[in-house]
Each structure stands twice: as C-alpha cells, then as structure tokens.
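The values are calculated or read from the model by the stated rules, or taken from the named source; none is laboratory data. Not measured: the values here are computed from a predicted model. Methodologically, a virtual Cβ is constructed for each residue, glycine included, from the backbone with ideal geometry; neighbour enumeration extends over all protein chains shown. Note: accessible area is taken over every heavy atom of the protein model, side chains too, but ligands, DNA and RNA are not part of it. Shrake-Rupley method; radii C 1.70, N 1.55, O 1.52, S 1.80 Å.
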Amino acid sequence: VPKQPNTRPEPRVRTRRRSSDRRQELIDVAARLFASRGFYSVTVDDIGDAVGLTGPALYRHFPSKEALLVAVFDRLTEMWTESIRAVVSEAPDSRSALLAMVRVHAESAIEHSENLKVWRQELHHLPEADRSRLRRGHRLYVEEWVHVVQECRPDFTDTEARAAVHAALGVLQSPSDFHSGLPVEAIKNLLMSMALAALEHGTTAPLADSGNESAAVRSSA
Amino acid sequence: VTLMNDGPRTGTRRPTSARRKELVAAAAELFSSRGYYSVTVNDVCRALGLTGPALYRHFPSKEALLVAVFDQVIERQGERLRKLLADRSDPIAVLEDMVRLHGEFAISQRVNLNVWRREFQNLPEADRLRLRRAQRLYLDDCVDIVQKSRPDLGHAEARALFHGVTALLQSPADFASGVTPEPLMHLLLSMALAAIRKGSPARAAVSGARSVTD
C-alpha cells in the first residue's frame, strides 16, 4: 500500500531515458519545494539548485515555473488515481476499500495542502489546454471514488454518489484552506472519521428524520 | 457579537444611501445568477435604469462593487446567525439550524464563493482585512456552537472540524452537480451533521466510524 504518495514505487516506463528520469526528479523536487515553502516564494533557481541543474538546463525540461506547476498537478492526480486503484484492488470488500481510499487521500491532502491551495488559486490562470487536461484527470479520479461509494451505498443514485464524493473530498482537503495547528495524526484521524461518517450517513431524505436518529445516537454516546 | 459594527475603515465605504444599497443588491443578484466575470458595470446600471457615471459616483470600479457585495453577504449571514442564537437555546437544535444556515449560504452563494476564492487575494488590503475579520467572527460563533454540542473536542479540534464541514458544504462550488437543489441540500446537511457528531482526532474513532455500518 503506497502510504506515502510522494515516494514513487518504481519507474514504470522509459526507465532508460535519462531525460525523463530528470524530468520526474524535477517534478518531485518542485512538488516538495512548492509544498514546503509555497509556489510563490520558490524560484526556478531554487529547484535547479536542489537537483544540481543550472537555470538554462532546467528550462530545457520546463519552459517556466508555471509549466512545472502543471506537471506537479498532473503528477498529483496521476498518483492519486494509481494509489486508489492499488488499494481498491487489494481491499477484501468495498468497506475496506472506502476506508483505504479515505486514508490515502487524507494523507496526501495533508502532505500536499500547500499545493492544493495553489491548485485552487492558480487553476483558472493556467492555459486552457492544461486546465482541461487537469480537470479530466481529476474527473477520472473522482469516478474511482464514485464506483466504490456506490458499492457501499447502493441507495445512492449516480449523481448523488458523485455529490457525496465531492463533499467528502472537500472535507479531506480542508487543510489546504486552513492550518489547524493540530498534530498530523490528530487532523488525519479527525478528517478521516468525518469523511467516513458523512459518506455513511448522508441521505437525501429531509433533515427531520436524520435529526431524530442522530439525537438518539448522541444521547447514547 | 459585533460582526459589522466596527464603523468605517479605510478602503471601501459602508453603504450610506438607499441608492448604494440598491446597487449592491442588484450587483449581488447579477453576480450570483450570471457570474462576476460576465457581468459588466453597465448591466448593473441597466438593472436599475441608471447610467454608468451615476454608478461610478458610488463605486469607482466593478471590484469595489464586488467588495460591497461580499460585505453585504457576510453581514447578512452574521445577522441570521445572531437571530438563530437569540431564538434557540437547545444545543442540538442550534447546531442543526446553524449547519442549515451555513449550508444554505454555501449553496445560494456558490457562484460568489468561487469569485471569492479567485479574487480575494487581489483585493485592496484594507478590504481584505475587514472581510477576513468579519468572516472570522462569524466562523468563531459557528465553532462555539459546535463545541457546545461536542464538549469532548478541544478548541483547535472544533475549529478544524468546522473548517472541514465548511469545505463539505461548499463542495458544490467546485462542480456542477446533477442533483436538484433540495435533495442536494438534504444530502449535504446530513453529511455535515454526521461529520460533526462522529469526527474525532482519536484513531479509534476512525475504525469506529467504519464499524457503524459493518
């Protein structure tokens, strides 16, 4: 189970092409630097320094810092989709699959909270082609979730499951909006338990019903 | 609770005239229905039968109008929350009403929320500070309500929890949901309430939440 999405398990294709290795290395380093110090305060030279490349050599791979950012986002979405597929294929049932997905996304969202913030702020400013590719990648990722959520919640329609997934992902990604100051384990557990409870108890039935039920749950707690 | 009673600061002035209020209301309506970026200053004027120059007397730019809309939206939301707190005392009823209020806000303002996310950084600093402050006061009141129903949570935990709930309720701003507004609202509210009741920073709670339906 790839618990640390930042460490790639192994190079998949084109292992022998140095140029693409370098490219991947640059993307990983950029993702790390953007995440730890913020996209806006990292310069192309910082990234070059970290991998031992000069500015011009780096520009051969990526014409701009923005291009690197797009590559980081591409990689993040790709990594999420790969991780989710891996944990889902290993899970014995859809419940466990859901739990594993929630964990993978929570961990990654906390680790990449800075990058997710930049994603939200910068997505609109990216070239149209990049934007639509990123959106498409993200949509595919969401569909992986919808599939598992529908197995756990056969009462949901397709669109309801999708809305519920977006809501759950919103919870898991909330550290990108707000720095809680809580220890990583605490915030991770908090967000995971919130997302799981929300996915399990969400219903399109009017609130009055769920209110009574939850009042009973509360008083028994 | 003093949400917007801080008096005029620098930057955008507070509404001073009926005309100003009319303009803000018309702009809020148009920004919500058609989106900030596709609405022109002339559109706002036309909605009120005014000319461009008349509007510029009140607002020097479309951005200034946007700030006034944000001010108004936050102010109204604060008023609603204060009314709720005055009308209700049972912690569970207050919590449910607050989540409903917060959810209705997220859905009715989803177009403006996107604009907020995109434009906030670019607003004049004085406006940013004032809006942030008003937002924080509102959120603090909401966190207090959460804590009354979850006394087991520390303040930082309750804050993190409420931010998670806010992200949950605002999620429709990110995508065009095919679910019609009413069922979508029920879905989001029930998800939010479940998250508030079950969210816990302790590891056991994660497996606990899972075992509920196992």
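Odds and ends about this structure:
- Residues of region A:120-132 satisfying the condition of being part of a helix (DSSP H, G or I), more than 11 Å from chain B (Cβ to nearest Cβ) and not charged (D, E, K, R): A:129, A:132
- Residues in region B:90-113 that are in contact (Cβ under 8 Å) with a residue 60 or more places away in the chain and open to solvent by 40 Å² or more (accessible area, probe 1.4 Å): 5 in all.
- Region A:26-55 - residue that is in a loop (DSSP other than H, G, I, E, B) and free of Cβ contacts under 8 Å to residues at least 60 places away in the same chain and, of those, nearest to residue A:113 (Cα to Cα): A:42
- Qualifying residue in region A:181-189 (condition: at the interface with chain B (Cβ under 7 Å from one of its Cβ atoms), touching a residue at least 24 places away in the same chain (Cβ under 8 Å) and within 14 Å of the chain's Cα centre (by Cα)): no
- Residue B:125 being within 19 Å of residue A:121 (Cβ to Cβ), modelled with pLDDT of 90 or more, among the acidic types (Asp, Glu) and in contact with a Gly (Cβ under 9 Å, 6 or more places away or on another chain): yes
- Qualifying residue in region A:103-110 (condition: part of a helix (DSSP H, G or I), open to solvent by 50 Å² or more (accessible area, probe 1.4 Å) and over 30 Å from residue A:200 (Cβ atoms)): no
- Among the candidates B:154, B:164, B:178, residue that is touching a Ser or Thr at 6+ places or on another chain (Cβ under 6 Å) and surrounded by fewer than 23 Cβ atoms within 10 Å (Cβ to Cβ): B:178
- Check on residue A:96, within 10 Å of the chain's Cα centre (by Cα) and either open to solvent by 10 Å² or more (accessible area, probe 1.4 Å) or not basic (Lys, Arg) (or both): no
- Criterion violated by residue B:34 - all others in (1) more than 13 Å from the chain's Cα centre (by Cα); (2) within 30 Å of residue B:195 (Cβ to Cβ); (3) surrounded by fewer than 19 Cβ atoms within 10 Å (Cβ to Cβ) satisfied: (2)
- For region A:43-61, the criterion of being among the basic types (Lys, Arg) and within 20 Å of the chain's Cα centre (by Cα) is met by no residue.
- Number of residues in region B:44-71 that are surrounded by 14 or more Cβ atoms within 10 Å (Cβ to Cβ) and either of a type in the set (D, E, K, R) or modelled with pLDDT of 90 or more (or both) equals 11.
- Screening B:157, B:125 for residues that are facing another protein chain (nearest Cβ under 10 Å), over 17 Å from the mean Cα position of the chain (by Cα) and under 20 Å from residue A:177 (Cα atoms) leaves exactly one candidate, B:157.
- Some residue of region A:46-54 being over 29 Å from residue B:121 (Cβ atoms), at pLDDT below 90 and crowded, with 20+ Cβ neighbours inside 10 Å: yes
- Only one of A:114, A:82, A:90 that is more than 14 Å from every other protein chain (Cβ to nearest Cβ), of a type in the set (Asp, Glu) and closer than 15 Å to residue A:33 by Cβ: A:114
- Candidate set: region A:158-180, residues that are at the interface with another protein chain (Cβ under 8 Å from one of its Cβ atoms) and β-branched (Val, Ile, Thr); chosen: the one surrounded by the fewest Cβ atoms within 10 Å (Cβ to Cβ): A:159
Results for (1) modelled with pLDDT under 95; (2) closer than 25 Å to residue B:84 by Cα, shown as yes or no for each residue.
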| position | (1), (2) |
| --- | --- |
| B:141 | yes, yes |
| B:158 | no, yes |
| B:164 | no, yes |
| B:167 | yes, yes |
| B:195 | no, yes |
| B:203 | yes, no |
| B:207 | yes, no |
| B:210 | yes, no |
| B:213 | yes, no |
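- Residue count for region A:101-133, restricted to those that are of a type in the set (A, V, I, L, M) and within 15 Å of residue A:191 (Cβ to Cβ): 7
- Any chance residue A:86 is out of contact with any Phe, Trp or Tyr (no Cβ under 9 Å at 6 or more places or on another chain), farther than 29 Å from residue A:180 by Cβ, hydrophobic (A, V, I, L, M, F, W, C) and part of a helix (DSSP H, G or I): no
- In region A:116-136, the count of residues that are open to solvent by 30 Å² or more (accessible area, probe 1.4 Å), within 16 Å of residue A:168 (Cβ to Cβ) and within 11 Å of the chain's Cα centre (by Cα) is zero.
- Count - residues of region A:133-152 that are closer than 20 Å to residue B:169 by Cα and at the interface with chain B (Cβ under 10 Å from one of its Cβ atoms): 3
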